[in-house]
Structure formats: structure tokens, C-alpha cells
Amino acid sequence: MADAATPANWTPRGAWAGILQDGHLGVAGTPGVRIAARDGLGIASLIAPGTGAAALTAAVKARFGLDLPTKPAISHSATHAAVWAGPGQWLLLAENRDGFDDALQAVVGLGAVAEQSSGRAVLRLSGPKAREALAKGCMLDLHPAAFPVGMAALTSIGHIGVHLWRAEDGPEGAVFEMMVARSMAGSFWSWLSGAVAEFGCQVVATEGSTGRG
Amino acid sequence: MRITCPHCGARDAQEFSYLGDANPKRPDGLDATEAAMHDYVYQRDNPAGRHRELWYHGAGCHAWLVVTRDTRSHAIEAVEVASTVRSGAAA
């Protein structure tokens, strides 16, 4: 029997829908910070079994061409990435969610594998003032000497758990990507939008899945 | 105070939760006397000086750590992953 309470027009929407809006935020002029939503990523958590990560590591290497980092870092291929998420734990990222479930079959049974694509919200933060804005709430030292390209960290910003990593540098310097639990996206944006306002911020809410993960 | 997590590096103490003395070992349940269980549950030393204590890196890698700290100066002598020292903990 059809559930009369279920609307027929339900459609999936990005984690930042209704939170981020395209446009300029804060003081006018050249933006000091640029923020882009990273919607459409495939995300899965991988946790090695108690017997060790050897089989999981080999399978990820064979299927995705990625080395699972053993320290807080991210490894990239053209289409996928693996981010350290604690000892024996990783997040597997796919640039495009299409076909991700099928690809995950390569690691099913080799550890605890959980699809998280709709459970996380990811942002890219760049611009000449990105580090200065993050410094208002992030307790990590993000200076290039302490936090090089490819480094990752789990930390807390404004009492919200944040998974943070530094992507390839862009034309304006360091590029950070930040992931929060989707249910915290609104609260996190409340902090971030306040932190970036004084520098002026360009917001791209509808980037799609074209950038790097 | 900053704690150098063996996994994550030096982090502010507010990323961690304190869970007390790392030394007490739970007596074997069925064989334990009431007095031994009482001591395990309630009796704690409160040293002025070197103290081995449990911390949980809740905002980071979720690892349990054994931190050896001087309670007078907060100087941290060692941070170990609890799962690797569990078997070797002092009674």
C-alpha cells in the first residue's frame, strides 16, 4: 500500500541546500575568502578489522590505485581519494557518486564499510585570507610549515567535529577542504559565515562535482 | 595544556576528555573479594607529582591514551596509546 504521507515529489538535495547561497558575503570588494560547496561526492567510511588492514589496503590499492595513509593525510588519484580518519580508519571519497556503490563492492567484507555520501557536508575554502579566517576557531596550526599540502586532521571547531585536509594549492594559495556531519552543516555555517565576513567572501553553492575531492 | 596525541600530534586539552587514574586494574569479577572491588571502584591516590592518567581524544582520532603528567606543573612526560600499554599497566 502506498504511503499517503510520502510526497510524490521528493528529490535528493545537497547537504548545503538551503544553507549556502551563491553570492558575496561580508565586506565588499575583492573576496579574501572563497567558499564552494562540494556536493555530489561519494563518501564511505572504511574501518580495518581487528586482524589488521592488510587486505583492505591491498584491495583499495588494486581497485582505486590509492594508498591508505597511515598518518593524518590524504592520498589522491584522478577520481578518488582516501583520507585518514583515525588509526585503522579512513574515508574513501569519489569525485562522482554515480557508480560508487558498485565500486565499493571491492572492499566489502574486508572491514567495516559504510556509505556516508548523504551523511556528510563538504566545503572547499580558499582565498588569500582562508587561513586567517580559520584561525578564529580552529585550534590547529595551519601554517604551511606545520600543515603541508596533503595533510589531514580531525579536530573541533566551535564544538563541531571537523575533518579537515589541505588540497592542492590554488592560484591564491592554500586550499582547505572541510567535512562536517550533515546535521551540523547549519551550525557550522553559522560559525564560518561569521568568521569570513570581515574579509569578504565569495560563496559558490552549486559547484556540482567538478572539483577535486 | 597541550597533549601530544601519538596519532594526531599536539592538540589543545579541550579536544580530550579526562577519565582519571590509569593504574587501577579491575579484579577478576567472580574471584574478587568485596574489599578488592571496593578498592578498585573507590580508592584513588591523589599524588602531587607524577601521575598516569587516561585521556580520550574525543574530538580527534577517538583513541584512548595513557598520559604521564606531573600534577604540579602539568608537564607531560609521556603519552601512549592505551591499547598498547593495557597489559603492562601497574597494579
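The values are calculated or read from the model by the stated rules, or taken from the named source; none is laboratory data. In this text, all values refer to a predicted model and were calculated from it rather than measured experimentally. Reconstructed Cβ throughout: ideal geometry from the backbone, glycine too, with neighbour counts over all protein chains shown.
In the stretch A:1-48, of all residues being surrounded by fewer than 14 Cβ atoms within 10 Å (Cβ to Cβ) and polar (S, T, N, Q), the one that is farthest from A:Leu91 (Cα to Cα) corresponds to A:Thr30. All told, A:Ser126 falls short of being under 22 Å from B:Ala59 (Cβ atoms) and either of a type outside the set (A, V, I, L, M, F, W, C) or touching a Pro at 6+ places or on another chain (Cβ under 7 Å) (or both).
Filter the stretch B:3-17 for residues that are part of a strand (DSSP E or B), modelled with pLDDT under 95 and more than 8 Å from every other protein chain (Cβ to nearest Cβ) and give the result. Of everything in the stretch B:3-17, just one residue is part of a strand (DSSP E or B), modelled with pLDDT under 95 and more than 8 Å from every other protein chain (Cβ to nearest Cβ), namely B:Ala10.
Within 21 Å of the chain's Cα centre (by Cα), more than 14 Å from every other protein chain (Cβ to nearest Cβ) and farther than 25 Å from B:Ser83 by Cα, is that true of A:Gly26? The answer is no for A:Gly26. For A:Gly40, indicate whether it is within 14 Å of chain B (Cβ to nearest Cβ) and either in a loop (DSSP other than H, G, I, E, B) or under 16 Å from the mean Cα position of the chain (by Cα) (or both). Criteria not met by A:Gly40. When the stretch A:86-97 is filtered for residues that are more than 14 Å from every other protein chain (Cβ to nearest Cβ) and over 12 Å from the mean Cα position of the chain (by Cα), the ones remaining, listed by number, are A:Asn96, A:Arg97. Only strands (runs of 3 or more DSSP E) whose full extent lies in the stretch A:98-213 are considered here, and the ones with at least 1 residues that are in contact (Cβ under 8 Å) with a residue 24 or more places away in the chain, within 14 Å of chain B (Cβ to nearest Cβ) and β-branched (Val, Ile, Thr) are A:152-157, A:160-170, A:173-181. Give the residue that is nearest to the other protein chains (Cβ to nearest Cβ), with candidates limited to residues of the stretch A:43-84 that are under 20 Å from A:Asp98 (Cβ atoms) and assigned to a loop (DSSP other than H, G, I, E, B). Going through the qualifying residues, I end up with A:Leu66. Residue-level analysis places B:Thr68 among those that are of a type in the set (S, T, N, Q), in a strand (DSSP E or B) and without any contact (Cβ under 8 Å) to a residue 60 or more places away in the chain. If the condition is being in a loop (DSSP other than H, G, I, E, B) and within 14 Å of chain A (Cβ to nearest Cβ), then the stretch B:42-65 contributes B:His57, B:Gly58, B:Ala59, B:Gly60, B:Cys61, B:His62, B:Ala63.
Given the structure, is B:Ala32 within 14 Å of chain A (Cβ to nearest Cβ), surrounded by 14 or more Cβ atoms within 10 Å (Cβ to Cβ), among the aliphatic types (A, V, I, L, M) and assigned to a loop (DSSP other than H, G, I, E, B)? The answer is no for B:Ala32. Evaluation of B:Asp70 against the conditions (1) within 14 Å of chain A (Cβ to nearest Cβ); (2) at pLDDT 95 or above shows that the sole unmet condition is (1).
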